[in-house]
Amino acid sequence: MEENMENMTVMTGDVLDLNAYKTYGEYKAALDGELQRSAESFVRIGYLLKVARDTDILAESGYRSVNEFADKEYGLDKSQVSRFIRINDEFSENGYSDRLQEQYRSFGYAKLAMMLLLPAEINEELSGRYSKADIRAIREEVDEEKEKTDIEVMLEEKDERQQDRSALGRALYQLGKDNPELYLRIYDAMYWAGPVIEELMDVLAPEGEAIISVRIAGEGRKMLSIKGTAVDPVLIDVRSGEKQTYTWTELVNELEFLFPDTENSRRSFEMRYGEPFPEKKEEVAPVQPKKEQTSRKVSRVTKAKKPEKTRAESGAEVAPVQPQDEQLEGQMDITDHPEYMPDAPAGGREDSAAAAGDTKDHENPEKTGEETESAEAAGAEDPGAVIRDADGLEWHIENQTNIIIDDLQKMDGLCTQHNWDGLIKKAYQVIDRAKAIKNMEEMWDA
């Protein structure tokens, strides 16, 4: 307890009275206030560093630059100085002041640092209620779109069925096509007895606000921002940054186009998209003991559907299809080489957990909420999965790469905290995982 009190004193400058909070509301308000002050402090630090950069205030100090000054006086390296300044550029009033913009005062430093990687047009649509996992998911969508060149997008085959619609209409058309089950729920909301807009809000943004991402062939990603029935929806073109505002009436009108048959939702889907409604495949699996249900937050972000790979892209034509559990003579099974599975000996599901993205500290088996959130955001894979072909290997490597990206983000925070032991430990984990990925690729190519 004494150690916790000392930590609180260091963080806030005051000794916090742990008995002062009678209700959750009081406690939450206190924590929100501290997080807000933390973000505001970083904006002020960025502003003061700008003053040192842009004026002659350091002339009598003997330091030649703001970087030298920050390093010698405060142990801040160039990257940390740059980050403070960029936070001030992006989130302070007028981009050059010691005051945080009103709309960002509920975010906290960690979220603002992640948002530096997002376009301003998207940041403007976010609120402090978006979690770090939500913001990370949005960042992944933006990064994936950046990987495609303008020429690649132009060469994509367009769906002629949606070309005569508005930008919003094309986005909603794609949303329904990519998410058949969501299409059915929208259909029910449109033709239910209650108020249409309220019903649609429950479907599209059950948490009261949402970012819905779709990818339209020949155009790229679009993000639909919904912030309640009293605010007009906004459509963002991720590639150009262009934003268009639509009324809810316009959104409802565009949705009506999606349902040519108002008597049967599945028939309506088939008429609109010219393809059978995809029925769910029945999964045959042994009966598992029921687990206690735990409450889990609903994500405010809907990600765009990834395009399905062709047989050529997945390497399916390289060898004839084999009966289940049968391999060609000499065919490689990645599980036969445990030395290339990061931190995982050959064995069952528990032994392969580390390779599947479980980077749990063996000295501290309790996993924190932030680590759990990071694992989910990185797309932690099924630890019982077996990699038997090129497609499976690619999927595994992509998963491990996402975990590395997430760990690098954590390392930046450890630098800021001057947690050098934690940084060294995390760096070795990243290095080991990178070596494992390299070895797996080289082994497969051989």
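The values are calculated or read from the model by the stated rules, or taken from the named source; none is laboratory data. Everything numeric here is computed off the predicted structure, so don't read it as measured data. No Cβ is skipped: glycine too gets one built from the backbone with ideal geometry, and neighbour counts run over all protein chains shown. Accessible surface areas use protein heavy atoms only, side chains included; no ligands, DNA or RNA. Shrake-Rupley method; radii C 1.70, N 1.55, O 1.52, S 1.80 Å.
If I filter the stretch 102-120 down to residues being of a type in the set (D, E, K, R) and assigned to a helix (DSSP H, G or I), which single residue comes out as most open to solvent (accessible area, probe 1.4 Å)?
Glu102
If you go through the stretch 179-196, how many residues are more than 16 Å from Phe257 (Cα to Cα) and either at pLDDT 95 or above or loosely packed, with under 13 Cβ neighbours inside 10 Å (or both)? Number satisfying all stated conditions: 5. Residues in the stretch 108-127 that are under 15 Å from the mean Cα position of the chain (by Cα) and not polar (S, T, N, Q): Ala110, Lys111, Leu112, Ala113, Met114, Met115, Leu116, Leu117, Leu118, Pro119, Ile122, Leu126. When the stretch 414-436 is filtered for residues that are under 14 Å from Asp77 (Cβ atoms) and in a helix (DSSP H, G or I), the ones remaining, listed by number, are Leu414, Cys415, Thr416, Trp420, Leu423.
Looking only at the stretch 134-153, count how many residues are open to solvent by 30 Å² or more (accessible area, probe 1.4 Å) and farther than 15 Å from Val238 by Cα. Counting residues in the stretch 134-153 that are open to solvent by 30 Å² or more (accessible area, probe 1.4 Å) and farther than 15 Å from Val238 by Cα gives 2.
Among the residues of the stretch 392-431 satisfying the criterion of being β-branched (Val, Ile, Thr) and within 18 Å of Glu144 (Cβ to Cβ), which is surrounded by the most Cβ atoms within 10 Å (Cβ to Cβ)? Lay out the reasoning, then the answer.
We begin by selecting, within the stretch 392-431, every residue β-branched (Val, Ile, Thr); these are 397, 401, 403-405, 416, 424, 430-431.
Right, trim to within 18 Å of Glu144 (Cβ to Cβ) and you get 397, 401, 403-405.
Details: Ile397: 17, Thr401: 15, Ile403: 24, Ile404: 16, Ile405: 16.
The extreme case among them is Ile403.
Quick one: in the stretch 58-95, of everything that is over 22 Å from Lys111 (Cβ atoms) and of a type in the set (Phe, Trp, Tyr), which residue is most open to solvent (accessible area, probe 1.4 Å)? Write out each step before concluding.
First, the residues of the stretch 58-95 that are over 22 Å from Lys111 (Cβ atoms): 58-75, 77-78.
With the extra rule that they be of a type in the set (Phe, Trp, Tyr), the set shrinks to 63, 69, 74.
Details: Tyr63: 56, Phe69: 42, Tyr74: 141 Å².
Filtering the stretch 58-95 for residues that are over 22 Å from Lys111 (Cβ atoms) and of a type in the set (Phe, Trp, Tyr), the one most open to solvent (accessible area, probe 1.4 Å) comes out as Tyr74.
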